Amino acid sequence: MTRISAFHFAAALVLFGATSANAADTVNTQGPAVRVEKLADGLEHPWAVEVLPDGAYLVTERPGRMRIIRDGKLSEPIGNVPKVNARGQGGLMDVALATDFVTSRKLYFTAAIANRQGSGTEAFSATLSADEKTLEAVTPIFTMRRFTTGNIQYGARIAIARDGTLFISVGDRGDRDRSQDWQDDAGSIVHINADGSIPADNPFKDGGKALPEIWSKGHRNPQGISFDAKDGKLYTVEHGARGGDEINQIEAGKNYGWPIITYGRDYSGAEIGEGTAKKGLEQPLHYWDPSIAPGALAVYRGAMFPEWDGDFLVAALKFQLLSRMQRDESGAFVAEERLFEGDYGRIRDVIVAPDGALLMVTDEDDGALLRVSRAQANNG
């Protein structure tokens, strides 16, 4: 894998912004002008959004609520969501629809769950009732094996592969050394079947060197995970410490280095680990310094913005922006365009809707669901 440094990357940086958020704004970008429309507000720290088959939106709120937005109206909370550990960075987090949701109404979601030992990342499957008022058959399908105190760095994003299996990111829970313990789920990407069983292609399925669910290790807090629909490759975007946010291509059995290697420093300014490279440890495809605090990742494959085909879209919390990472024909990152900086708040999630528009949620006390579409040309 090739790495492009933050220093050289800065030369290609292009910044664009919007005016203050209204019901709909037109924003100039490096390419087409876009329309940013607020579909709903009044959400308490929304974390994830999915599009239902009829075009309505399913959203999660970190305090433990799941709601549907249809025709601009926000539903009452859906019933039977498990009690979550809504403290610090914890709570109800990601949601993803099963590939056969149209017929099965099955979905998956993640949450921080507490027990006597502390809290940890857990994933569930459930069925959305026909009247959309409750979850049925709620079943834990993955629970990290060691719960600890502290309420940070859960990871908790879900990516569903073409075969219907699930990849789930798990953060290091604020204890960096756990990321190099192969008998610990912390700091890993795990791979499970839809029922929680272990897929036959897992690199450690026999449970010898590592826990059988582990796909890769050496991650800090991967809060974005996504497949490129064109070639099926899996990518993450991960929080560094002070600097060192990373994009990684995830491959079976590999070690992505945290905390042995990193391009960041501790919050105190002290160095972390052994430097920026070491034999046997993977290099990031890109890193940011200073950090942007990435919240989610989508690889753009859609009809609405053909100019963006193959680009990475990274939601960012710290600078309240959407980073469009431009790639060349070889897949290498060549430039970054920062959109909406400071205009809409902390952007927690970004997905590509079926029509090619973008959907984003803002992680605020009064959070919003936003739609980014192509602005209509003014023919007047």
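The values are calculated or read from the model by the stated rules, or taken from the named source; none is laboratory data. In this text the structure is predicted, and so the values were computed from the model without any measurement. Note that we place each Cβ from the backbone using ideal geometry, even for glycine, and neighbour counts take in every protein chain shown. We work out accessible area using only protein heavy atoms, side chains counted, and drop any ligands, DNA or RNA first. Shrake-Rupley method; radii C 1.70, N 1.55, O 1.52, S 1.80 Å.
The table below lists the values:
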item: Selection within the stretch 83-93 - open to solvent by less than 10 Å² (accessible area, probe 1.4 Å) and either touching a Ser or Thr at 6+ places or on another chain (Cβ under 8 Å) or within 14 Å of Ala126 (Cβ to Cβ) (or both); result: Gly90, Leu92, Met93
item: Whichever residue in the stretch 144-160 is of a type in the set (Lys, Arg) and in a loop (DSSP other than H, G, I, E, B) and, among such residues, is most open to solvent (accessible area, probe 1.4 Å); result: Arg145
item: Within the stretch 322-380, strands (runs of 3 or more DSSP E) holding 2 or more residues that are open to solvent by less than 50 Å² (accessible area, probe 1.4 Å) and small (Gly, Ala, Ser); result: 367-374
item: Failed item, numbered, when Lys318 is tested on (1) open to solvent by less than 10 Å² (accessible area, probe 1.4 Å); (2) out of contact with any Asp or Glu (no Cβ under 7 Å at 6 or more places or on another chain); result: (1)
item: Conditions (1) outside any loop (DSSP other than H, G, I, E, B); (2) under 30 Å from Val352 (Cβ atoms): number failed by Ser291; result: (1)
item: Some residue of the stretch 290-309 being within 17 Å of the chain's Cα centre (by Cα) and without any contact (Cβ under 8 Å) to a residue 24 or more places away in the chain; result: no
item: Residue in the stretch 304-312 that is out of contact with any Leu (no Cβ under 8 Å at 6 or more places or on another chain), open to solvent by less than 10 Å² (accessible area, probe 1.4 Å), at positive phi and of a type outside the set (D, E, K, R) present; result: yes
item: Meets criteria (of a type in the set (Asp, Glu), at pLDDT 95 or above and within 27 Å of Lys318 (Cα to Cα)) for Asp163; result: no
item: Any chance Tyr256 is among the hydroxyl-bearing types (Ser, Thr, Tyr) and closer than 21 Å to Met144 by Cβ; result: yes
item: Criterion violated by Trp258 - all others in (1) within 20 Å of Ala161 (Cβ to Cβ); (2) assigned to a loop (DSSP other than H, G, I, E, B) satisfied; result: (1)
item: Per-region count, the stretch 242-261, residues open to solvent by 10 Å² or more (accessible area, probe 1.4 Å) and small (Gly, Ala, Ser); result: 2
item: Top-ranked residue in the stretch 196-223 [being closer than 30 Å to Asp266 by Cα and assigned to a loop (DSSP other than H, G, I, E, B); ranked as most open to solvent (accessible area, probe 1.4 Å)]; result: Lys209
item: Flag for Asn80 being open to solvent by 60 Å² or more (accessible area, probe 1.4 Å) and more than 17 Å from the chain's Cα centre (by Cα); result: yes
item: Residues satisfying the stated conditions in the stretch 264-282, i.e. assigned to a loop (DSSP other than H, G, I, E, B), open to solvent by 40 Å² or more (accessible area, probe 1.4 Å) and of a type outside the set (Asp, Glu); result: Tyr267, Ser268, Ala270, Gly273, Thr276, Ala277, Lys278, Lys279, Gly280
item: Residue list for the stretch 18-30, restricted to those being open to solvent by less than 70 Å² (accessible area, probe 1.4 Å), at pLDDT below 95 and outside any strand (DSSP E or B); result: Ala18, Ala21
item: Verdict on Glu37 being over 30 Å from Thr143 (Cβ atoms) and not in a loop (DSSP other than H, G, I, E, B); result: yes
item: Residues of the stretch 125-137 that turn out to be within 21 Å of Ala56 (Cβ to Cβ), open to solvent by 10 Å² or more (accessible area, probe 1.4 Å) and among the hydrophobic types (A, V, I, L, M, F, W, C), as a count; result: 1
item: Those residues of the stretch 244-294 which are in contact with a Phe, Trp or Tyr (Cβ under 6 Å, 6 or more places away or on another chain) and at positive phi, in sequence order; result: Gly244
item: Flag if Gly72 is at pLDDT 95 or above, small (Gly, Ala, Ser) and out of contact with any helix residue (DSSP H, G or I) (no Cβ under 7 Å at 6 or more places or on another chain); result: no
